[in-house]
1. Being of a type in the set (A, V, I, L, M, F, W, C) and either surrounded by 14 or more Cβ atoms within 10 Å (Cβ to Cβ) or at pLDDT 95 or above (or both) is the filter here; which residues of the stretch 54-84 pass it?
2. Within the stretch 37-53, can you find the residues that are within 18 Å of the chain's Cα centre (by Cα) and either exposed (fewer than 14 other Cβ atoms within 10 Å of the Cβ) or not aromatic (F, W, Y) (or both)?
3. Taking the stretch 2-36 on its own, how many of its residues are open to solvent by 100 Å² or more (accessible area, probe 1.4 Å), within 15 Å of the chain's Cα centre (by Cα) and either closer than 12 Å to A61 by Cβ or at pLDDT below 80 (or both)?
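The values are calculated or read from the model by the stated rules, or taken from the named source; none is laboratory data. A quick note: this is a predicted structure, and the numbers were derived from the prediction, not measured. Glycine gets a Cβ as well: all are built from the backbone with ideal geometry, and neighbour counts include every protein chain shown. When the accessible area is computed, the model is the full protein with side chains, heavy atoms only, and any ligands, DNA or RNA have been set aside. Shrake-Rupley method; radii C 1.70, N 1.55, O 1.52, S 1.80 Å.
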Amino acid sequence: MRGEPDPRFGWSHNQYDVEPVVEMVRREIDQRYLNDVPGLAVPTLENVTLWLWNRFAQKIAGLHRVTVQRGQPGQVEGCTYEPPGVLEAPLRAAVREAVA
(Lines give C-alpha, C1' and ligand atoms only; values in the text may rest on other atoms or scores of the structure.)
Protein backbone atom coordinates (compact mmCIF):
# COMPACT_ATOMS: atom_id res chain seq x y z
CA MET A 1 0.00 0.00 0.00
CA ARG A 2 1.11 3.53 -0.66
CA GLY A 3 -0.08 6.87 0.57
CA GLU A 4 0.75 9.87 2.68
CA PRO A 5 2.33 8.81 5.96
CA ASP A 6 0.50 9.70 9.13
CA PRO A 7 2.48 12.55 10.73
CA ARG A 8 2.41 10.93 14.17
CA PHE A 9 2.81 7.22 13.40
CA GLY A 10 4.44 7.22 9.94
CA TRP A 11 2.23 4.58 8.34
CA SER A 12 0.08 5.19 5.29
CA HIS A 13 -2.80 2.94 6.34
CA ASN A 14 -4.24 2.04 9.71
CA GLN A 15 -4.23 -1.70 10.26
CA TYR A 16 -7.65 -1.42 11.93
CA ASP A 17 -9.05 -0.17 8.61
CA VAL A 18 -7.28 -2.74 6.43
CA GLU A 19 -7.76 -5.84 8.59
CA PRO A 20 -11.57 -6.09 8.16
CA VAL A 21 -11.18 -5.92 4.37
CA VAL A 22 -8.58 -8.69 4.39
CA GLU A 23 -10.78 -10.77 6.69
CA MET A 24 -13.83 -10.30 4.45
CA VAL A 25 -11.88 -11.46 1.38
CA ARG A 26 -10.29 -14.32 3.32
CA ARG A 27 -13.75 -15.60 4.25
CA GLU A 28 -14.64 -15.79 0.55
CA ILE A 29 -11.92 -18.37 -0.11
CA ASP A 30 -10.95 -19.93 3.23
CA GLN A 31 -11.60 -23.68 3.41
CA ARG A 32 -13.16 -23.69 -0.06
CA TYR A 33 -12.26 -25.51 -3.23
CA LEU A 34 -10.89 -22.57 -5.22
CA ASN A 35 -12.25 -23.90 -8.53
CA ASP A 36 -15.75 -23.34 -7.11
CA VAL A 37 -15.14 -19.69 -6.13
CA PRO A 38 -16.70 -17.34 -8.70
CA GLY A 39 -13.90 -15.91 -10.82
CA LEU A 40 -11.40 -18.63 -9.85
CA ALA A 41 -12.36 -21.51 -12.11
CA VAL A 42 -8.65 -21.87 -12.93
CA PRO A 43 -6.90 -20.97 -9.63
CA THR A 44 -3.31 -20.53 -10.80
CA LEU A 45 -1.08 -18.29 -8.70
CA GLU A 46 -1.50 -15.61 -11.36
CA ASN A 47 -5.29 -15.83 -11.34
CA VAL A 48 -5.52 -15.91 -7.54
CA THR A 49 -3.26 -12.86 -7.31
CA LEU A 50 -5.37 -10.90 -9.80
CA TRP A 51 -8.58 -12.05 -8.09
CA LEU A 52 -7.25 -10.78 -4.74
CA TRP A 53 -6.17 -7.50 -6.34
CA ASN A 54 -9.67 -6.95 -7.69
CA ARG A 55 -11.23 -7.58 -4.27
CA PHE A 56 -8.78 -5.44 -2.30
CA ALA A 57 -8.52 -2.55 -4.79
CA GLN A 58 -12.26 -1.88 -4.46
CA LYS A 59 -11.93 -1.34 -0.71
CA ILE A 60 -8.35 -0.18 0.01
CA ALA A 61 -7.28 3.18 -1.39
CA GLY A 62 -3.59 3.32 -2.23
CA LEU A 63 -3.24 -0.40 -2.89
CA HIS A 64 0.04 -0.75 -4.76
CA ARG A 65 0.47 -4.46 -5.44
CA VAL A 66 -0.56 -7.92 -4.28
CA THR A 67 1.87 -10.81 -3.85
CA VAL A 68 0.87 -14.44 -3.29
CA GLN A 69 3.44 -17.03 -2.28
CA ARG A 70 3.30 -20.71 -1.45
CA GLY A 71 5.77 -23.38 -0.42
CA GLN A 72 8.29 -24.11 2.26
CA PRO A 73 11.42 -22.03 2.92
CA GLY A 74 13.88 -22.68 0.11
CA GLN A 75 11.08 -23.85 -2.18
CA VAL A 76 8.86 -20.79 -2.33
CA GLU A 77 7.15 -19.78 -5.54
CA GLY A 78 4.91 -16.80 -6.01
CA CYS A 79 3.33 -14.16 -8.16
CA THR A 80 2.94 -10.39 -7.83
CA TYR A 81 0.30 -8.27 -9.53
CA GLU A 82 0.91 -4.59 -9.95
CA PRO A 83 -1.38 -2.75 -12.35
CA PRO A 84 0.21 -1.25 -15.47
CA GLY A 85 1.39 2.29 -15.06
CA VAL A 86 1.98 2.18 -11.30
CA LEU A 87 5.76 2.47 -11.56
CA GLU A 88 6.08 4.20 -14.90
CA ALA A 89 5.18 7.74 -13.75
CA PRO A 90 7.55 7.78 -10.72
CA LEU A 91 10.33 6.25 -12.83
CA ARG A 92 9.87 8.82 -15.57
CA ALA A 93 10.01 11.60 -12.98
CA ALA A 94 13.17 10.13 -11.41
CA VAL A 95 14.83 9.81 -14.82
CA ARG A 96 13.92 13.41 -15.69
CA GLU A 97 15.46 14.59 -12.38
CA ALA A 98 18.60 12.54 -12.91
CA VAL A 99 19.08 13.84 -16.45
CA ALA A 100 18.34 17.48 -15.59
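1. Once the filter is applied, which keeps residues that are of a type in the set (A, V, I, L, M, F, W, C) and either surrounded by 14 or more Cβ atoms within 10 Å (Cβ to Cβ) or at pLDDT 95 or above (or both), the stretch 54-84 yields F56, A57, I60, L63, V66, V68, C79.
2. Answer for the stretch 37-53, where residues must be within 18 Å of the chain's Cα centre (by Cα) and either exposed (fewer than 14 other Cβ atoms within 10 Å of the Cβ) or not aromatic (F, W, Y) (or both): G39, L40, P43, T44, L45, E46, N47, V48, T49, L50, L52.
3. Final tally of qualifying residues: 1.
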